[in-house]
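**Q** Please find one structure pasted underneath; my questions will follow.
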Amino acid sequence: MTEPHLGWLTLAATSLLVVANALLSLKFHLGVGRSMLVAGARMVVQLLLVGLLLKTIFTLGSPWLVAAVLLAMLGSAAWETRSRQRRRFAGHWGYSLGAGTISIAVIPVTALSMALLHPDPWFDPRFAIPMFGMVLGNAMSSVSVSLNAFNTAVVREQRGIEAQLALGATRGRAIGPIRSDALKTGIIPVINQMTAAGIITLPGMMTGQVLAGMSPFEAAQYQVFVLFLIAGASGFGAAVTVIAASWRVTDQRHRLRLDRLLRSD
């Protein structure tokens, strides 16, 4: 049986699908065609460079290089979280809130995964970097979606929140429903991902392992393991995010502090 091969012509052919979507955006005046093309080009450059970088890191096997890569990934995720907010916190909070909550969620979960897999050496980049990346990417999405939903809703419901505070409600009680809705918004995609796995779609990790020749059953076990890690990190990260945001958007005197949020551009 001939093994499939991905060449440059194959990748160029599939890139036409992105171009087609950009043309659809132009036809229907969606305004996302340019962003789609830029995202596609950026993805190609990023992934190819990462592939070359990881090849070098895997060869050298240095724990310091692994740590540097993980920190760079974490910093990029925090920046992406900040950039996705329609209403973000002013000052360093716009960056540090996302960085802190993502770190709190991702680092312990990744450490747990390495402890359970017990690779040799313990920092083996073939395990540490991909595992960290999968957990980080999903946690970042949950954190950014929850934070954006929370901040947007707080601005929208300003009068209702201030009315409750004026009547003697605590900040936790006044913002509680918004906090719950924002948290649910961030967690639902993870629930959908787990629900659809194996029936509607074969997740990326399982598909890649099957294509690489691993037993489908063993690949499914690995995918279950990863999805549990993703669910834990995403849910915990989203919860910590909305709690931190609710405290930042109010003060100790139970006043709403929208001055701490930057206005939309």
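**Q** Taking the range 52-72, which residues are surrounded by 14 or more Cβ atoms within 10 Å (Cβ to Cβ) and either under 30 Å from N148 (Cβ atoms) or free of Cβ contacts under 8 Å to residues at least 12 places away in the same chain (or both)?
**A** Passing the criteria: V69, L70.
**Q** Turning to a different aspect of this structure: Please go through the range 73-88 and pick out each residue that is surrounded by fewer than 16 Cβ atoms within 10 Å (Cβ to Cβ) and of a type in the set (A, V, I, L, M, F, W, C).
**A** W79
**Q** Determine, yes or no, whether D120 is farther than 27 Å from R82 by Cα and surrounded by 15 or more Cβ atoms within 10 Å (Cβ to Cβ).
**A** no
Here is a yes/no grid of residues against (1) in the same structural domain as A77 (by TED's automatic domain parsing); (2) of a type in the set (S, T, Y); (3) under 25 Å from Y95 (Cα atoms):
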{"residue": "G160", "(1), (2), (3)": "yes, no, no"}
{"residue": "D181", "(1), (2), (3)": "yes, no, yes"}
{"residue": "T201", "(1), (2), (3)": "yes, yes, no"}
{"residue": "L211", "(1), (2), (3)": "yes, no, no"}
{"residue": "F225", "(1), (2), (3)": "yes, no, no"}
{"residue": "F228", "(1), (2), (3)": "yes, no, no"}
{"residue": "I243", "(1), (2), (3)": "yes, no, yes"}
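**Q** Within the range 187-209, is even one residue of a type in the set (G, A, S) and at pLDDT 90 or above?
**A** no
**Q** Report whether or not R82 is in a helix (DSSP H, G or I), assigned by TED's automatic domain parsing to the domain that holds I187 and over 15 Å from A233 (Cβ atoms).
**A** Numbers: in a helix (DSSP H, G or I): yes; assigned by TED's automatic domain parsing to the domain that holds I187: yes; over 15 Å from A233 (Cβ atoms): yes.
Yes, satisfied.
**Q** From the list M114, M73, exactly one residue is in a helix (DSSP H, G or I), under 18 Å from the mean Cα position of the chain (by Cα), of a type outside the set (S, T, Y) and on the phi < 0 side of the Ramachandran plot. Which is it?
**A** M73
**Q** When you go through (1) at pLDDT 90 or above; (2) under 26 Å from I129 (Cβ atoms); (3) not assigned by TED's automatic domain parsing to the domain that holds M131 one by one for L6, which number turns out not to apply?
**A** Failed condition: (1).
**Q** May I ask you to verify whether G40 is out of contact with any Lys or Arg (no Cβ under 7 Å at 6 or more places or on another chain), within 30 Å of T152 (Cα to Cα), at pLDDT below 95 and in a helix (DSSP H, G or I)?
**A** yes
**Q** Moving on to the next point. Has the range 182-198 got at least one residue that is without any contact (Cβ under 8 Å) to a residue 40 or more places away in the chain, of a type in the set (A, V, I, L, M) and more than 24 Å from A239 (Cβ to Cβ)?
**A** No.
**Q** Inside the range 127-246, counting only helices (runs of 4 or more DSSP H) that do not spill past its ends, which hold 1 or more residues that are buried (at least 19 other Cβ atoms within 10 Å of the Cβ) and under 20 Å from the mean Cα position of the chain (by Cα)? Explain how you work it out, then say what you get.
**A** Values: elements: 158-166, 171-196, 204-211.
It comes to 171-196, 204-211.
The values are calculated or read from the model by the stated rules, or taken from the named source; none is laboratory data. Treat the numbers as computed from the prediction; the structure is a model and nothing was measured. Please note: Cβ atoms are built from the backbone with ideal geometry, for glycine as well, and neighbour counts cover all protein chains shown.
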